[in-house]
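Readers should treat all values here as calculations from the given coordinates under stated rules, not as data from a laboratory. Please read all numbers here as calculations on a predicted model, not as lab measurements. Quick reminder, even Gly has a Cβ in these numbers, built from the backbone with ideal geometry, and neighbours come from all protein chains shown.
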Amino acid sequence: MDLSIEEIRRHAIFDPTFGRLEIIIEGLNKAIVYFRGSELAIDWWGSLDEKKEYESMYKLAILAIEDYLRLTIKDFFDIHEEKDYIPVYKSEPHIDLIFLLADYIKSNSKASEESFSKFDLNIDDYPIYHGIVILNKDQDLNEILKKLKEYRAKLIDLKYPE
C-alpha cells in the first residue's frame, strides 16, 4: 500500500533531529545569559571583548545548525557530494550564510573575503558575531530556530508538492 502525498507530508513534518538541536541551543542560550549576568556585570574596566566572547559561543550554534541543515537536506534529497547541496540552499540567503559561516569556522577555503562581502561581513571584524546579527538582529538563537522550521517546511513543499 502506497502512502498518499498528504500522508508522506504529514510524516515528514515529524523531526526528532530538531529536538536535539533545540537542546543544544537551549544550553548555549543559558551560557549567553550567564555570561551577560556574571562576566559583563563585573567588568568594571571594560576589559572584556564582548563580541569575541559571544563569537565563541555563536560558533557552536552555527556548527550545530549547519549539521542539522545537512541532515535535513539529506533526508529529502539524494545528496552525496558537497556540490549537490548548493542548489538546495542557495535559494535562501540565510541558509547560504549559515553554510558560509560554518565553512569559515572549519577553516574551509570556500569562506573567502569575497564570499563574506556578499553579506557585508568583514573576515577581520567578528564575522560570526555579525553573521548572527544578520540572522536575527536581536541575536535570539530561538528566532533563528523558528526560521529553520520554516525552511524545513519549504523543503517538504519542494520535495512533495501538493
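At an R0 of 35 angstrom, the distance between the Cβ atoms of Arg20 and Ser117 translates into a FRET efficiency of 0.55. Taking a straight line from the alpha carbon of Lys106, these lysines sit under 22 Å away, with near neighbours fewer than eight places off in the same chain left out: Lys51, Lys52, Lys59, Lys74, Lys83, Lys90, Lys118. In order along the range 155-162, the phi-based Karplus estimate (6.51 cos²θ - 1.76 cosθ + 1.60, θ = phi - 60°) of 3J(HN,Hα) comes to 5, 4, 4, 5, 6, 10, x, 6 Hz; Gly and Pro are listed as x. Per-residue packing, averaged as other Cβ atoms within 10 Å, sorts the ranges 53-61, 151-159 into the order 53-61, 151-159, beginning with the highest.
Between Ala31 and Glu143, the contour length at 0.36 nm per residue exceeds the Cα-Cα span by 38.6 nm. With the simple model of a label 7 Å out from the Cα in the direction of the Cβ, Phe77 to Ser56 spans 3.6 nm.
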